[in-house]
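One structure below.
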């Protein structure tokens, strides 16, 4: 199969779909790999490395798309890339269709076959291709949240850390999946008082047995319990994910009014539309905005801040799926593996994944 790797084009997106080592593996398996010039250069994956491992270096994105049977990239295409898509091309990437319905419909209209990393499943029901980016985003959420609490960043001017004789600062984490659990870990490590809010009592009980009750509160999600938690928080991290659907709005605009000015809210769910009503997509160049005196961080490609780590982590889990699709052909691979087939979101101009269909129609 001819596999294309274009440069990523979103703001400050320096990840790349395949590492040189992944290219080497696929070339040794008999596949042809086309890599756009300088696609990985910003993270130290230079054209010479790709070429030495058997890739062909292509000058333009247009030629990469035109000459490929499958495109492997990281982020969903932006509208400027839609002209490169066609019905006999397969796109394997994060798609997050429910997060941007207007552009999703235009992408679907290209006729491209879209397999989304974020809806591929494992036999145990987990999301193996979403997990590494969720792990990174969960850790980064605490880091960027703490940084933006600094007064010159428009935060309230507090530090989350241990200070003798002083009460711990408060972090609320809403949604205790992979990303949320990572945020909880970082908060505990930094001696915060952590309020964990989730809709599953079973999940809360599991976390309690793992982390104990010392400076950690486990709270069943409701509007009142969320409001109570965020009112005394310094940092609020939202990490709510429903497979294929737009994230539910767990914090409404009215709920910001009783919060303390300068509180920071980080919306990890922004790729899926955001779990705060006041969220709107931001970039690494301009990551925050203030709404009702509350600082919002809503960067849509948070793992792009650590692109080398993120690319290597993604390739570690994605390569076997790329190999499966290339070795067996798209249709056959999807038929043989129901968990990979759960990644199929769009085909021939139609929405295939039930949850995505429900979200968009």
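The values are calculated or read from the model by the stated rules, or taken from the named source; none is laboratory data. What you see is a predicted model; the values in this text were computed from it and never measured. Neighbour counts are summed over all protein chains in view; Cβ atoms, including those assigned to glycine, are modelled from backbone coordinates with ideal geometry.
From the list 244, 212, 238, pick out the single residue that is in contact with a helix residue (DSSP H, G or I) (Cβ under 7 Å, 6 or more places away or on another chain) and either in the same structural domain as residue 99 (by TED's automatic domain parsing) or under 19 Å from residue 196 (Cβ atoms) (or both). First the steps, then the outcome.
On the way: 244 fails: either in the same structural domain as residue 99 (by TED's automatic domain parsing) or under 19 Å from residue 196 (Cβ atoms) (or both); 212 fails: in contact with a helix residue (DSSP H, G or I) (Cβ under 7 Å, 6 or more places away or on another chain).
That would be 238, the only listed residue that is in contact with a helix residue (DSSP H, G or I) (Cβ under 7 Å, 6 or more places away or on another chain) and either in the same structural domain as residue 99 (by TED's automatic domain parsing) or under 19 Å from residue 196 (Cβ atoms) (or both).
This table checks each residue for (1) surrounded by fewer than 12 Cβ atoms within 10 Å (Cβ to Cβ); (2) without any contact (Cβ under 8 Å) to a residue 12 or more places away in the chain; (3) outside any helix (DSSP H, G or I).
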{"site": "152", "(1), (2), (3)": "yes, yes, no"}
{"site": "156", "(1), (2), (3)": "no, no, yes"}
{"site": "165", "(1), (2), (3)": "yes, yes, yes"}
{"site": "172", "(1), (2), (3)": "no, no, yes"}
{"site": "184", "(1), (2), (3)": "no, no, no"}
{"site": "194", "(1), (2), (3)": "no, no, yes"}
{"site": "204", "(1), (2), (3)": "no, no, no"}
{"site": "207", "(1), (2), (3)": "no, no, no"}
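From the list 155, 145, 111, which residue is assigned by TED's automatic domain parsing to the domain that holds residue 80 and either in contact with a strand residue (DSSP E or B) (Cβ under 6 Å, 6 or more places away or on another chain) or more than 24 Å from residue 202 (Cβ to Cβ) (or both)? Quick ask: steps written out before the conclusion?
On the way: 155 fails: assigned by TED's automatic domain parsing to the domain that holds residue 80; 145 fails: assigned by TED's automatic domain parsing to the domain that holds residue 80.
It is 111.
How many residues are at pLDDT 95 or above, in contact with a helix residue (DSSP H, G or I) (Cβ under 8 Å, 6 or more places away or on another chain) and buried (at least 16 other Cβ atoms within 10 Å of the Cβ) when one looks only at region 285-303?
Count: 9.
Go through the residues of region 331-346 one by one and say whether even a single one is crowded, with 16+ Cβ neighbours inside 10 Å, out of contact with any strand residue (DSSP E or B) (no Cβ under 8 Å at 6 or more places or on another chain) and within 27 Å of residue 39 (Cβ to Cβ).
Yes, some residue in region 331-346 is crowded, with 16+ Cβ neighbours inside 10 Å, out of contact with any strand residue (DSSP E or B) (no Cβ under 8 Å at 6 or more places or on another chain) and within 27 Å of residue 39 (Cβ to Cβ).
For region 70-78, indicate whether the set of residues that are surrounded by fewer than 19 Cβ atoms within 10 Å (Cβ to Cβ), under 24 Å from the mean Cα position of the chain (by Cα), modelled with pLDDT under 95 and within 27 Å of residue 283 (Cα to Cα) is non-empty.
Pass one, region 70-78, residues surrounded by fewer than 19 Cβ atoms within 10 Å (Cβ to Cβ): 78.
In the following step, the residues that additionally are under 24 Å from the mean Cα position of the chain (by Cα) were identified as 78.
Retained after the next criterion (residues that are modelled with pLDDT under 95): 78.
With the extra rule that they be within 27 Å of residue 283 (Cα to Cα), the set shrinks to 78.
Yes; the residues of region 70-78 include at least one that is surrounded by fewer than 19 Cβ atoms within 10 Å (Cβ to Cβ), under 24 Å from the mean Cα position of the chain (by Cα), modelled with pLDDT under 95 and within 27 Å of residue 283 (Cα to Cα).
Any idea which of (1) touching a strand residue (DSSP E or B) at 6+ places or on another chain (Cβ under 8 Å); (2) farther than 22 Å from residue 131 by Cα; (3) surrounded by 15 or more Cβ atoms within 10 Å (Cβ to Cβ) is the one residue 59 doesn't satisfy?
(3)
Could you check residue 102 against (1) out of contact with any strand residue (DSSP E or B) (no Cβ under 7 Å at 6 or more places or on another chain); (2) outside any helix (DSSP H, G or I) and say which number it fails?
In the conditions (1) out of contact with any strand residue (DSSP E or B) (no Cβ under 7 Å at 6 or more places or on another chain); (2) outside any helix (DSSP H, G or I), residue 102 misses (2) alone.
Report yes if some residue within region 266-278 is free of Cβ contacts under 8 Å to residues at least 12 places away in the same chain and in contact with a strand residue (DSSP E or B) (Cβ under 9 Å, 6 or more places away or on another chain); otherwise report no. Show your work before the answer.
Going residue by residue through region 266-278, those that are free of Cβ contacts under 8 Å to residues at least 12 places away in the same chain are none.
So far as region 266-278 goes, no, none of its residues is free of Cβ contacts under 8 Å to residues at least 12 places away in the same chain and in contact with a strand residue (DSSP E or B) (Cβ under 9 Å, 6 or more places away or on another chain).
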